[in-house]
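Working notes for the structure below.
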Amino acid sequence: MTLRFRQPGVLPGFGLTLGFTLGYLGLLVLIPLAIAFLRVFQLSWDEFWQIVTAPRVVASYRLTFGAAFLAALVNSGFGLIVAWVLARYRFPGKRLVDALVDLPFALPTAVAGITLTMLYSGNGWIGQYLKSLGIKVAFTPLGVIVALVFISLPFVVRTVQPVLEDLEAEVEEAAASLGANRWQTFRRIIFPAIRPALLTGFTLAFARAIGEYGSVIFIAGNLPMVSEITPLLIVSKLEQYDYSGATAVAVVMLVISFVLLLLINLLQRWSRTRQV
Amino acid sequence: MSIDIQGLYKRFGDFVALDNIDLTIPAGQLVALLGPSGCGKTTLLRIIAGLETADRGQVLFDGVDASRRHVRERGVGFVFQHYALFQHMSVFENVAFGLRVRPRAVRPSASQIQAKVKTLLELVQLGWLADRYPHQLSGGQRQRIALARALAVEPQVLLLDEPFGALDTKVRKELRRWLRRLHDELHITSVFVTHDQEEALEVADRIVVMNRGRIEQIGSPEDVYDAPATPFVYQFLGHINLFHSRVHAGWARVGGLRVQVPEYDDTENAPALVYVRPHDIDLLREPEDGDTTLPATVSRVSALGSVVRLELIQSPGGEIAEVEMTREHYAVDPLRAGDMVFVKPRQMRVFLHDDPKIEPLVHWNGDGDGI
């Protein structure tokens with residue numbers, strides 16, 4: 001029996017493009033990550049375990065993944081609203097607003113971090129009012145979430161917006177003529193149509209937020225056990241020339257990220273097969 | 001339920017889509033809104049449905065003003081040209097949708113919904129497709145599902161926007177016969193929009209011919225075809241031959257042909273247009289006595305299924321005229337290109353040039369599939 005993956009198609013070049021894809025991904029993703037793993041093998045299992053389960057490190061995992069998850073969740077909600085407004089309505093300055101959405105992509109993250117810190121610190125423009133309400137943002141985990149929401153905003157908007165624009169107005173009119181109210185039309189007709197895109201946007205935002213470093217370290221205050229993110233821990237280990245320790249933590253982060261993204265992908269596949 | 005439309009006016013920017021439309025649709029009838037694209041027929045249908053609002057005027061359902069009622073509360077079933085099925089739902093769920101979104105108090109039980117959807121799918125003869133998804137169906141099947149979905153909410157009025165416009169000719173013919181039978185079974189007041197004259201003539205009880213936001217004529221299919229009220233209706237329904245003519249004291253003259261037009265007894269030497277259907281013309285080998293024929297030359301003969309179409313060039317002006325006759329008729333004395341003939345119209349209609357109803361002339365042939 002011979003295995004045949006080749007699929008006949010209009011465009012030739014399956015072998016060439018697959019080879020390129022594997023080579024490209026190998027060079028850019030796999031080899032650098034493999035180096036990290038190799039480095040870790042210089043440690044004994046006990047050393048490795050001690051490093052990656054140190055209380056300070058575990059606290060940083062919780063903050064990194066928790067804050068990234070919450071930030072992606074917040075953006076799924078508000079990003080959806082932004083995408084909705086951009087896709088559905090015409091208003092003066094719409095192009096400007098549309099361009100504004102991409103700004104967090106272009107801005108150096110350090111600039112974002114410094115700006116957000118100035119805004120939300122105890123005597124900043126926004127921070128002073130929040131302070132009178134008893135809410136502290138800068139130098140707390142909440143600040144981390146704010147920074148992550150900022151840098152991951154474009155993902156949900158940009159994935160959901162084209163899908164919303166492609167939705168036929170007639171489908172909504174059909175739902176209304178059948179007696180559905182606005183909420184029913186949204187929940188039963190529009191939401192199922194944009195759900196895959198929303199999930200993709202969430203995944204991208206989540207992945208981006210996990211790896212974010214530049215903007216967070218300014219606003220977080222970096223208190224060990226409280227507002228210290230894992231990427232910062234890795235950098236500080238590197239600064240102490242603890243290369244093995246840094247890669248050990250990095251590898252754990254890598255594995256958790258990979259497993260989470262894989263799970264979300266499976267979830268997406270499942271939701272897609274369920275609807276079409 | 002009867003529908004009364006009073007003084008409906010609608011503008012999109014500078015474009016007047018509907019210009020003071022008055023129309024009564026009696027309960028239980030199947031009415032076609034017929035006209036070229038941009039004539040306002042779809043806008044009128046959408047205003048009846050409540051999907052669009054008029055600038056002025058009223059829509060009355062059974063004498064009650066429905067203009068302010070939301071589409072949700074109008075009790076209309078709407079069928080779209082491109083089906084507008086819910087892609088992520090099975091055929092069954094599509095049809096059940098209208099029942100499932102009802103307020104809890106009036107929502108049927110699960111078993112009632114099951115039974116109702118099953119009945120409806122059988123009505124549209126697609127019971128075996130209940131578990132499929134819209135993208136797995138053919139165009140004709142999708143449109144029938146869309147109709148079943150609209151009927152599920154037991155509408156008082158069924159509105160169809162070019163329901164067969166996206167289908168190929170064969171399926172379209174099949175479906176419109178089926179729609180007619182369905183209407184005879186259910187007797188729901190129905191309005192459908194079409195630009196296909198053949199479709200309107202075949203399916204509708206009454207035809208409303210529209211042009212440029214106004215109604216040109218309302219009548220039975222025989223009325224609008226045999227007795228067109230305006231030159232536009234004449235041109236839009238079926239093919240026509242157009243002759244330039246002069247009318248003087250009750251007589252119209254086209255070249256050497258003279259026809260009596262008693263309605264223009266008092267007209268003096270006015271330019272006019274004469275409309276003749278291609279199948280209302282006899283061709284003779286010899287001229288008749290009196291001024292009843294026009295000489296012409298056959299320039300082309302083409303057999304189109306059941307009819308033979310001949311193109312004629314008039315000797316004087318060089319204008320081209322079309323004549324249609326049955327194959328049998330043609331076989332009696334087959335004419336060839338180049339033959340000299342004498343044209344004798346059996347029936348014609350004369351409109352004066354200054355008649356306000358005369359439009360700048362455009363040849364509307366619908367989709368070209370003619371009559």
Say we look at segment B:94-125 and pick out the residues that are at pLDDT 90 or above and not in a helix (DSSP H, G or I); which of these is farthest from A:R182 (Cα to Cα)?
-> B:S109
Subset of segment A:74-120 [farther than 20 Å from A:I194 by Cβ and among the small types (G, A, S)] = A:G93, A:A99, A:A106, A:A110, A:A112, A:G113
Checklist (1) among the aromatic types (F, W, Y); (2) open to solvent by less than 20 Å² (accessible area, probe 1.4 Å); (3) touching a Pro at 6+ places or on another chain (Cβ under 7 Å) applied to A:Y213, failing item | (2)
Got a sec? Which strands (runs of 3 or more DSSP E) wholly within segment B:1-93 have at least 2 residues that are within 20 Å of the chain's Cα centre (by Cα) and touching a residue at least 12 places away in the same chain (Cβ under 8 Å)?
-> B:3-12, B:15-25, B:30-34, B:76-79
Please work out if A:A250 is surrounded by 18 or more Cβ atoms within 10 Å (Cβ to Cβ), small (G, A, S) and within 14 Å of chain B (Cβ to nearest Cβ).
-> no
Enumerate the pairs (first residue in segment B:147-174 and within 13 Å of chain A (Cβ to nearest Cβ) and open to solvent by 50 Å² or more (accessible area, probe 1.4 Å); second residue anywhere and part of a strand (DSSP E or B) and of a type in the set (F, W, Y)) with beta-carbon separation below 8 Å, excluding pairs fewer than 6 apart on the same chain, so at least 6 apart or on different chains.
-> B:Q156/B:F61
Consider A:F65 carefully, then state whether it is modelled with pLDDT of 90 or more, within 30 Å of A:V255 (Cβ to Cβ) and open to solvent by 30 Å² or more (accessible area, probe 1.4 Å).
-> no
Within segment B:133-146, restricting to residues that are within 13 Å of chain A (Cβ to nearest Cβ) and crowded, with 16+ Cβ neighbours inside 10 Å, the one that is nearest to B:G63 (Cα to Cα) is B:A146
Would you be able to tell me the number of residues in segment A:83-98 that are over 20 Å from A:L167 (Cα atoms) and open to solvent by less than 60 Å² (accessible area, probe 1.4 Å)?
-> 2
What residue, among those in segment B:264-294 that are β-branched (V, I, T) and not in a strand (DSSP E or B), is nearest to B:L352 (Cα to Cα)?
-> B:T267
Scan of segment B:251-263 for residues that are under 15 Å from B:F351 (Cβ atoms) and open to solvent by less than 50 Å² (accessible area, probe 1.4 Å), ordered by number | B:A252, B:V254, B:V259, B:V261
If you scan segment A:160-176, which residues turn out to be open to solvent by 30 Å² or more (accessible area, probe 1.4 Å), more than 15 Å from B:R72 (Cα to Cα) and in a helix (DSSP H, G or I)?
-> A:P162, A:V163, A:E165, A:D166, A:A169
Identify, by number, the condition in (1) more than 14 Å from chain B (Cβ to nearest Cβ); (2) modelled with pLDDT of 90 or more; (3) not in a helix (DSSP H, G or I) that A:G179 doesn't meet.
-> (1)
Residue list for segment B:282-298, restricted to those being of a type in the set (A, V, I, L, M, F, W, C) and at pLDDT 85 or above = B:L283, B:L284, B:A296, B:V298
Would you be able to say whether some residue in segment B:149-159 is over 18 Å from B:M210 (Cα atoms), at pLDDT below 90 and assigned to a helix (DSSP H, G or I)?
-> no
Here are A:A205, A:A138: which of them is assigned to a helix (DSSP H, G or I), touching a residue at least 12 places away in the same chain (Cβ under 8 Å), crowded, with 18+ Cβ neighbours inside 10 Å and under 24 Å from the mean Cα position of the chain (by Cα)?
-> A:A205
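The values are calculated or read from the model by the stated rules, or taken from the named source; none is laboratory data. Quick caveat: nothing in here was measured; it's all calculated off a predicted structure. Note: ideal-geometry Cβ built from the backbone for every residue, glycine included; neighbour counts use all protein chains shown. Areas reflect the complete protein model, heavy atoms only, side chains present, ligands, DNA and RNA absent. Shrake-Rupley method; radii C 1.70, N 1.55, O 1.52, S 1.80 Å.
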